[in-house]
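First comes the structure, then the notes that go with it.
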Amino acid sequence: MRRKFTAAEILMALGVVAAAGTLASWFVGQFPGHAESPVSREVFVNIPPALKAVFYVGVAGFLFLAFYLFSLRARNWQRGGPDRRTGMWKERLAAMGVGLRMQTLMRDRWAGLMHSMVYYGFLVLFLGTVTLEIDHLLPAGFKFLQGNVYRGYSFVLDGAALVFLGGLVWAGARRYLQKPWRLRSKTRPEDLWILVTLALIGVTGIATEAARIAVEGRPSYEVWSFVGYPLSMLVPLSSAGVVHQVIWVLHVVSFAAFLVMLPTTKLRHMVTSPANMFLAPRERPPGAMREMPNLMEAEDIESVGASLVGEFTWKQLLDTDACTVCGRCTSVCPANATGKALDPREIVLKLGEVAARTADPAVTTPVTVDQAITVSAENVFERITPEELWACTSCRACDEICPVDIEILDKILDMRRYLTLMEADFPSELGKAYLSMENSSNPYGMGQADRAGWTAKLDFEVPILGRGTDSAEYLYWVGCAGSFDDRNQKVTVATARLLREAGVDYAILGPAELCTGDPARRSGNEFVFQMLALQNIETLGELGVKKVITQCPHCFNTLKNEYPQFGGDYEVIHHSQLLAELVEMGLLRPKEGEARKVTYHDSCYLGRHNDVYMAPRGVVASIGGIEVVEMGRSGTRSFCCGAGGSQMWMEEHVGKKVNVDRAEEAVATGAVEVAVACPFCYVMLDDGVKEIGSGDSVAVRDVSMILADSVFGREGG
């Protein structure tokens, strides 16, 4: 069997190649090149041969050192478990291209522009230096930096230098003068050294160019170096040679310092972030948790979830080195915004700290809250507390906004798996939900015989698969909330009536429908999830179900994205999507209604987890008289209702309630109605609106209820 090379070995080999290539350049450069052209640029003007030798040997050594230090980091990633990140190469290259083009950073326009100035300025200057070296080594007849090509080259590089230095000044002003919280909270001495080193590279580069022009007697064609030429006037011609040598040495030293800082500080993200974006999951849907073996059959599983460094995947460890410490994840976290213990950035950094401090050999640690805290073992719970993990609503806002595709939620949910199944360390309220799901097959603890009780509110019969009905085009998956919660039964009734009105061939499972297991899985109880999921998959298989309608985004996400992990493949559609299609086809005809403002709240599991944003809005907007107004945080930036990640079954004991925060934002729009498309969002926002005293003036209702009122008339809905 052919041996596979590790990432550390590949990096070491690249280091050897880079060092050897640099030394080879020195060797080739000893041979005479071309006759001096009247318009050309040389790398080593007035540089003694001994200094050139030191340059080549030194740069070769520092290049090898940089690759060696990166190889140590790669060896640290390899401590993690397996994680397949191959295939879909076109999509991966496109994703990496998105990062290199700064598209993700531009979500914060000004920060993205500043970063782009530094990044692109540096990149152009680096490529310009490489181009100059290549031209220097080419035989006389092949040199290309001459004439107009050289003039354009000089103009572009001087422009890039101004952009680069301007970006650095802006970066320094943001961090040390403006001091936004997400930067101020993580500013450390290394940030200053990084800025100073990069600035030194840029300043000495321009100064070296100016001194070189002075050494050459300021020829007229150098006016195209529109920065270097004017500066050359400041260099006395009598001492230009000495000035040039001194500044050139400083430039080389600053570049050597950069090579050392690259793998040992957060500057490493220049390399690791594009790689991380390339390796982001493409086959696994965003809404799906990491797959696990069948716990009902497995016999040799010693641990579930992650607590030790080696129990995370190699990709999760790479994530910690790709982090730019920008804090965008924390800035959008609903738990953090309402005073809870969770800080998504700290989850990444603390995992990275434990991995770095327990590495052999050790590698530099990322920026953390308190560098004085010691880590004595590979257990991440020496740095991460259960309180942090249980505060997460699994809204995925952190993953969505991360400019380098770090998978933060995966780490949190994997650690929850460990806490729940290996330590039985979970909030007491979850224990009741687990018991209800095990004994009653739903988290409400209601009898399964009552699952179809809502049908008594209809004036027609709803077919039940396996009970007098053998088949239907669609299975209407009602869900636990739609079956047992009083408020959400209204949603179920409205949806059932609309489906019948449109002539949709559907049936339900009734008592045979069990909880999909989402509350169990999102809170770490993989065992209960699989127990319920496997039973549901067996039932759906026996009944030949192919198409499923859901009204709960959590059921939608689990059936669509996670049941395929266990062989359950279905065509799943959310009720808002189907209703939007039925309205567009003319099978449902909304009537003109009273003029009013309605705001729509994006469900996290419908939006960020499954990219469904427009269908629910389309349903509401199809009703004449309604003006849809958006909240400040909507779409991909929507703020969670506070129920996800099994928070629906827990109590908030710390800080402001998430649902109250969101309810205040909804009411502030001036809307008289808040439209939702999720049973949990319905409950949380309805409670939130009432808690802030707006229950009499602002109604919260599902999109199906609003549409049913328009189609059938308010009295019928």
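Any read-out appearing in this document is the output of simple, stated calculations on the displayed coordinates, not a laboratory observation. The structure displayed is predicted, hence computed values, not measured ones. No Cβ is skipped: glycine too gets one built from the backbone with ideal geometry, and neighbour counts run over all protein chains shown.
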Computed label-point distance, nm, for sites SER185 and GLU691 using a 7 Å Cα→Cβ extension: 2.1 nm
Length gained when the stretch ARG467-VAL156 is fully extended (0.36 nm per residue, less Cα-Cα span): 104.4 nm
Space enclosed by the convex hull of the alpha-carbon atoms of region 193-312, per residue, Å³: 175 Å³
Among LEU237, LEU413, SER471 - extreme Cα towards positive end, dipole of the chain, charges at beta-carbon: LEU237
Efficiency of FRET between LEU231 and LEU93 - r from beta-carbon atoms, R0 30 angstrom, step 0.05: 0.15
Proximal charge balance of VAL658 [Cβ under 9 Å; K/R count +1, D/E count -1]: +2
Nearest-20 debye value, region 590-716 charge dipole, Cβ charges on Lys, Arg, Asp, Glu: 260 debye
Net charge, VAL672 excluded, C-beta distance under 12 Å - Lys, Arg +1, Asp, Glu -1: -1
Distance between region 489-538 and region 264-324 - C-alpha centres, whole angstrom: 30 Å
Protection proxy ranking of 353-364, 67-78, 201-212 - average other beta-carbon atoms within 10 Å, highest first: 201-212, 67-78, 353-364
Estimated dipole of region 440-582 in Debye, rounded to 20 [Cβ of Lys and Arg +1, of Asp and Glu -1, Cα centre]: 320 debye
Euclidean distance of C-alpha centroids, region 129-157 and region 631-676, integer Å: 59 Å
Gyration tensor verdict on region 209-254 (Cα atoms; rounded if a/c is under 1.5, prolate if a/b is larger than b/c, oblate otherwise): oblate
Cβ-derived FRET efficiency at R0 35 Å, VAL654 paired with SER376, nearest 0.05: 0.75
Protection-proxy order for peptides 436-442, 564-570, each taking the mean of Cβ atoms within 10 Å per residue, highest first: 436-442, 564-570
Those Cys residues of the chain for which no other cysteine Cβ falls under 4.7 Å: CYS323, CYS326, CYS333, CYS392, CYS402, CYS480, CYS515
Cβ crowding within 10 Å averaged over residues, with 409-418, 277-286 ranked highest first: 409-418, 277-286
Rounded D (µm²/s) - the chain, Kirkwood Rh over Cα pairs, Stokes-Einstein at 25 °C, 0.890 mPa s: 85 µm²/s
Out-of-range pairs (alpha-carbon distance over 31 Å; input LYS315/LYS560; LYS179/LYS656; LYS457/LYS560; LYS546/LYS597; LYS4/LYS266; LYS597/LYS656): LYS546/LYS597
Added length on full extension, which subtracts the Cα-Cα distance from 0.36 nm per residue, ASP611 to VAL28: 204.3 nm
Computed [θ] at 222 nm, deg cm²/dmol, the chain (DSSP H ≥ 4; -39,500 (n - 2.57); rounded to nearest 500): -16000 deg cm²/dmol
For region 402-425 and region 6-30, distance of Cα centres in Å: 40 Å
Among GLY287, LEU543, ALA7 - extreme Cα towards positive end, dipole of the chain, charges at beta-carbon: ALA7
FRET efficiency estimate (nearest 0.05) - Cβ-Cβ, GLU283 to ASP459, R0 41 angstrom: 0.30
Electrostatic dipole magnitude of the chain [Cβ: Lys, Arg +1; Asp, Glu -1; Cα centre; debye, to 20]: 2440 debye
Within region 616-717, GluC sites (Glu not before Pro) in DSSP loop having at most 16 other beta-carbon neighbours inside 10 Å: GLU630, GLU651
Rg(Cα)/(2.2 N^0.38 Å) for region 590-716, N = residue count: 1.02
Which of LEU137, GLY607, MET117, positive extreme of dipole for the chain (C-beta unit charges): LEU137
Charge context of PRO616, other residues only, Cβ under 11 angstrom, K/R +1, D/E -1: -1
Distance in nm between pseudo-label sites at GLU584 and PHE142 (7 Å out along the Cβ direction from Cα): 5.7 nm
Estimated inter-spin distance, VAL149 and LEU132, nm [label 7 Å along Cα→Cβ]: 1.7 nm
